[in-house]
Amino acid sequence: MFGPPVKLSIHAHLDYRAPQPCDLLLQVAVADYPGQDVTRQGLEIPTTMQPRTVGGYDGVGQRVWLHVADEFRADYRAEVLVNRAAVDLYGLSQVPLSDLGAAEIGCLMPSRYCFPEDFFDFVVQTFPGLRGGPRVAAMLEWIAKNFTYDAFATQPTTTATDSLAARRGVCRDYAHVLIAMLRAVGIPARIVSAYAPEVKPQDFHAVVEVFLGGAWHLVDPTGMARADDIAVAGVGRDAADISFMTSFGLMELQNQTVTVDKS
């Protein structure tokens, strides 16, 4: 059920240093996406840089190519109206595999961080007798009860399989585990880069879209965000496709802040 639109005011500040010149791909802008309306946005970068904009994965959002020679500072600001209903998983059915299209089929397959084959036995034993939305809801409940949010328990190379064994991680790890679980039972799932107001500690956030009932639906396995207060920036098979910054060379963090205010 739709309520009044939620207004989000977003500010992301990046301050990095490149010891050697390198190229980077920045993905911080809120996307033109169903359920949200970007009323104002802008990216401030050094005037000496010549950005080139390209589309995001699966045509969602946009990325910016930049060449960094030394210091790099950027400020992204946006105002977004979110008018999206909270999802009711229990009323959503699983789509037969033979009815899936090319985009959904790609979100069934193994990817860099998500290996559904490692989850086959686990999901069959842990969630028996369930299908579709009720099965997704049960997976979310299991993650909420069994995982601990821990910023020190993850590395850039941590996979969903690693995170399931550790039972801890950050938002991308929670998302990877849910994605691998879903793909293991034939439900397409993809990761979403997002902004949301209740994320603690506040940062770039990762949630999940699950394909049920013929459409994509947002869920947050960390429990910190709801579909009706999430601003989507990009989507992908896993975190490799949605990183807010992908550098093709070393970038040293100096300072980084993200604020999302809700009104």
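The values are calculated or read from the model by the stated rules, or taken from the named source; none is laboratory data. In this text the structure is predicted, and so the values were computed from the model without any measurement. Cβ placement follows ideal geometry from the backbone for every residue including glycine, while neighbour counts extend to all protein chains displayed. Accessible surface areas use protein heavy atoms only, side chains included; no ligands, DNA or RNA. Shrake-Rupley method; radii C 1.70, N 1.55, O 1.52, S 1.80 Å.
Annotations for the structure displayed:
- Scanning the stretch 164-182 for residues that are assigned to a helix (DSSP H, G or I) and open to solvent by 10 Å² or more (accessible area, probe 1.4 Å) returns Leu164, Ala165, Ala166, Cys171, Arg172, Tyr174.
- Qualifying position, being farther than 16 Å from Ile10 by Cβ and open to solvent by less than 20 Å² (accessible area, probe 1.4 Å), among Val60, Val95, Val30: Val60
- Only residues that are within 15 Å of Phe204 (Cα to Cα) and either modelled with pLDDT under 95 or in a loop (DSSP other than H, G, I, E, B) (or both) were counted across the stretch 1-45, and they come to 5.
- Being of a type in the set (Asp, Glu), closer than 26 Å to Thr259 by Cβ and open to solvent by 10 Å² or more (accessible area, probe 1.4 Å) is true of Asp150.
- Qualifying residue in the stretch 192-209 (condition: in a helix (DSSP H, G or I), open to solvent by 40 Å² or more (accessible area, probe 1.4 Å) and in contact with a strand residue (DSSP E or B) (Cβ under 6 Å, 6 or more places away or on another chain)): no
- Given (1) under 18 Å from the mean Cα position of the chain (by Cα); (2) surrounded by fewer than 19 Cβ atoms within 10 Å (Cβ to Cβ); (3) over 25 Å from Gln36 (Cβ atoms), index of the condition Tyr113 fails: (2)
- Residues that are under 30 Å from Leu253 (Cβ atoms), part of a helix (DSSP H, G or I), open to solvent by less than 70 Å² (accessible area, probe 1.4 Å) and not hydroxyl-bearing (Ser, Thr, Tyr) are absent from the stretch 98-109 altogether.
- Residue check for Thr47: among the β-branched types (Val, Ile, Thr), in contact with a strand residue (DSSP E or B) (Cβ under 9 Å, 6 or more places away or on another chain) and either surrounded by fewer than 19 Cβ atoms within 10 Å (Cβ to Cβ) or under 30 Å from Gly186 (Cβ atoms) (or both): no
- Contact map, the stretch 131-157: residues that are modelled with pLDDT of 95 or more paired with residues that are open to solvent by 30 Å² or more (accessible area, probe 1.4 Å) and of a type in the set (Val, Ile, Thr), Cβ distance under 6 Å, separation 6+ or inter-chain. No pairs are found.
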